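Taking it in order: structure first as C-alpha cells, then the write-up.
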Amino acid sequence: MKVLVIGGGGREHALAWRLKQSEGVSQVFVAPGNAGTARDAQLVNLPITDKVALREWAQREGVALTVVGPEAPLAAGVVDEFRAHGLAIFGPTQAAAQLESSKAFSKAFMKRHGIPTAEYETFTDPQQAHAYVDAKGAPIVVKADGLAAGKGVVVALTLAEAHEAIDFMLLDNKLGVAHNEGGARVVIEEFLEGEEASFIVLCDGEHALALATSQDHKRLLDADQGPNTGGMGAYSPAPVVTPAVHQRAMEEVILPTMRGMKADGIPYTGFLYAGLMITRDGAVKTLEFNCRMGDPETQPIMMRLRSNFAQVLLAATRGELDRVQLDWDPRVALGVVMAAHGYPLTPRKGDAITGLPADEADRVVFHAGTAEQDGSVVVSGGRVLCVTALADSVAQAQRRAYEVVDAIHFDGQQCRRDIGYRAL
C-alpha cells in the first residue's frame, strides 16, 4: 500500500523512515520532505503543501494511509478535508487540534475537566498582563497563544524577563503568532518545579495507546541554560516516568482528556503529546498539549519501535487501537540536534553541510532544516539534523551519537554536549 506523510521536518523524516519498513508498504511519499528524505531511495518527496491539492493527489494515487506530522496542517483542517472524501488519515480534526493551536482553549479545557495543570490567566491587554505579573511575582511562565513552533514559551526567572516577554508577544508580536480569532494573546501561568517528560499516545477517539516514554531538552545550552527552543535533543526511555508515574499520566491526564473531548463533541484522534511536569513526590501536572508527536522525541521513539507502524496507524483510523500491542527495542535511543547559526531567533540559511554518513541499523541522521542545492545539502531551517543512536545504555548511545555529530560540519553549527545527562 501507499503511505503519505505530511510535513518536512525531522519528525516527518523519522515517521517516514519507520513506515517504509512496515511490511505491506510499497511506497512512502513525504510532502514536502527535505534533503534527507530526498536522499533516501525508498522515500519520494512531493512538492505539495495545499490541503486540497494533497487530498486530490492522494485520491488519484490511491493512498491507503496519510499521517500528519506538524501542527500547522492540523490547525488548517487537513484531517477534515481528507475525511470528507473518505480517505484514511491519522491526526486530529481542526476543532480537536485547538488543544495545541490555542493555549487558552487548552487551559480552559483542562480546568473544565479537572485535568491537573498550572494556575493561569489569559490576557490580550498588555497593561493587565503586566499588573498580573507584578501581583504574582517571579518565576512565572508567559506563553504566546497560538502556534509558535515550540518557541512561544518564556520561563521568566525575574519580573524584568516576564515584562519583556509580555511586550514581545503582545506589543511586538515578533513571533508572528496570532490567535485563531485574530490578535495576539498570552497565557500567564504559575511556575512549576520538577522534571519534565514527554508523554505521547496514539488516540482513536475511544482508546489511547501509550508510546515509549521520552525526555526532551528544551534549552539551547548545556545544563539547561539559554533560551527555550523547539528541542535540542531527546532520549527514550525516560527513567523519570516510573510505572507509577505512567499510571498517573494515563489515569489523570490522558483518559480524562479523551473523555472530555468526546463529551465536548470533538472526539480526539491522532497523536496526543502531553508535556508533563513530574514533582518530587511523583505528582503529575500538564504543562501543555501538542496534537502531534514531539520533535526531537519522535526520532528516538521511532528508532525503538519494532511493530508494523503502518498497520498500527491504520487500526487507529478504524477505532481499533484496543486490539493493538506495541513491541519496543529494550535499548536506549538518544538523538542530538544540530542547529543553525543564530537559532532559535535568527537562524542562518544556506550554509553547506559536509560529513554526512550513510545510515546504519542503529545510527541514523534524521534531517530537519535541510535542502538540496546544486548537488549539495544546505541548511534551510533552525534545527538542521538530529543524529540518533541506539545502544545498551544512555552513556553508550550518547557516545555513539556524538561520534557522528563530530564528523558533520556546517558553519556556525550549534549543539548541546549533554543530551541524556539527567539519566546518567
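Of all the numbered requirements in (1) among the acidic types (D, E); (2) open to solvent by 20 Å² or more (accessible area, probe 1.4 Å); (3) at pLDDT 95 or above, D172 misses one, and that requirement is (3). Considering R60, R112, R83, the condition of being in contact (Cβ under 8 Å) with a residue 60 or more places away in the chain and more than 21 Å from the chain's Cα centre (by Cα) is satisfied by R112 alone. Output the residues belonging to the range 35-54 that are part of a helix (DSSP H, G or I) and open to solvent by 30 Å² or more (accessible area, probe 1.4 Å). Once the filter is applied, which keeps residues that are part of a helix (DSSP H, G or I) and open to solvent by 30 Å² or more (accessible area, probe 1.4 Å), the range 35-54 yields A38, R39, K51, V52, A53. In the range 11-34, the qualifying residues are those that are farther than 20 Å from C386 by Cα and of a type in the set (V, I, T), and the one that is surrounded by the fewest Cβ atoms within 10 Å (Cβ to Cβ) is V25. State yes or no: is R422 among the charged types (D, E, K, R), out of contact with any Ser or Thr (no Cβ under 6 Å at 6 or more places or on another chain), farther than 23 Å from P70 by Cα and open to solvent by 40 Å² or more (accessible area, probe 1.4 Å)? In short, yes.
Just so you know, in the range 330-360 the residues that are under 24 Å from Q396 (Cβ atoms) and over 21 Å from the mean Cα position of the chain (by Cα) include one that is surrounded by the most Cβ atoms within 10 Å (Cβ to Cβ), and it is L356.
Restricted to the range 247-294, and to residues there that are modelled with pLDDT under 95 and among the acidic types (D, E), the residue that is farthest from V336 (Cα to Cα) is D281. When each of K136, K143, K103, K107 is tested for being over 22 Å from the mean Cα position of the chain (by Cα) and within 16 Å of V187 (Cβ to Cβ), the lone residue that passes is K136. For the residues A333, A358, A397, A401, the requirement of being in a loop (DSSP other than H, G, I, E, B) and within 30 Å of Q311 (Cβ to Cβ) singles out A358.
Give the range 308-321 a look and list any residue that's under 18 Å from R11 (Cβ atoms) and open to solvent by 20 Å² or more (accessible area, probe 1.4 Å), or say none. If the condition is that a residue be under 18 Å from R11 (Cβ atoms) and open to solvent by 20 Å² or more (accessible area, probe 1.4 Å), then no residue fits.
Counting only strands (runs of 3 or more DSSP E) that sit completely within the range 77-162, those holding 2 or more residues that are over 22 Å from L345 (Cβ atoms) correspond to 120-123. Touching a helix residue (DSSP H, G or I) at 6+ places or on another chain (Cβ under 8 Å) and either aliphatic (A, V, I, L, M) or not in a helix (DSSP H, G or I) (or both) - does that describe any residue in the range 242-260? For the range 242-260, residues touching a helix residue (DSSP H, G or I) at 6+ places or on another chain (Cβ under 8 Å) and either aliphatic (A, V, I, L, M) or not in a helix (DSSP H, G or I) (or both): absent.
Pairs meeting the criteria (first residue in the range 401-418 and touching a residue at least 24 places away in the same chain (Cβ under 8 Å), second residue surrounded by fewer than 16 Cβ atoms within 10 Å (Cβ to Cβ) and polar (S, T, N, Q), beta carbons under 7 Å, at least 6 apart or on different chains) are H409/T354. Which residue is farthest from the chain's Cα centre (by Cα), if the candidates are limited to the range 361-404 and must be open to solvent by 10 Å² or more (accessible area, probe 1.4 Å) and among the hydroxyl-bearing types (S, T, Y)? My answer is S376.
Residue-level check: of (1) over 28 Å from R83 (Cβ atoms); (2) more than 10 Å from the chain's Cα centre (by Cα), V324 misses just (1). Among the residues of the range 281-289, at least one is aliphatic (A, V, I, L, M), open to solvent by 10 Å² or more (accessible area, probe 1.4 Å), in contact with a strand residue (DSSP E or B) (Cβ under 6 Å, 6 or more places away or on another chain) and in contact (Cβ under 8 Å) with a residue 40 or more places away in the chain.
Here the condition is being farther than 28 Å from D359 by Cα, in contact with a strand residue (DSSP E or B) (Cβ under 7 Å, 6 or more places away or on another chain) and touching a residue at least 12 places away in the same chain (Cβ under 8 Å); of L46, L74, it holds for L74 alone. Within the range 368-394, the set of residues being among the acidic types (D, E) and part of a loop (DSSP other than H, G, I, E, B) comprises D374, D392. Taken over the range 175-206, residues that are among the aromatic types (F, W, Y) and either modelled with pLDDT under 85 or surrounded by 22 or more Cβ atoms within 10 Å (Cβ to Cβ) (or both) amount to 1.
The values are calculated or read from the model by the stated rules, or taken from the named source; none is laboratory data. The structure displayed is predicted, hence computed values, not measured ones. Because the Cβ atoms are built from the backbone with ideal geometry, glycine has one as well, and the counts that use them run over all protein chains shown. Accessible surface is based on the protein model in full, side chains and every heavy atom, while ligands, DNA and RNA are left aside. Shrake-Rupley method; radii C 1.70, N 1.55, O 1.52, S 1.80 Å.
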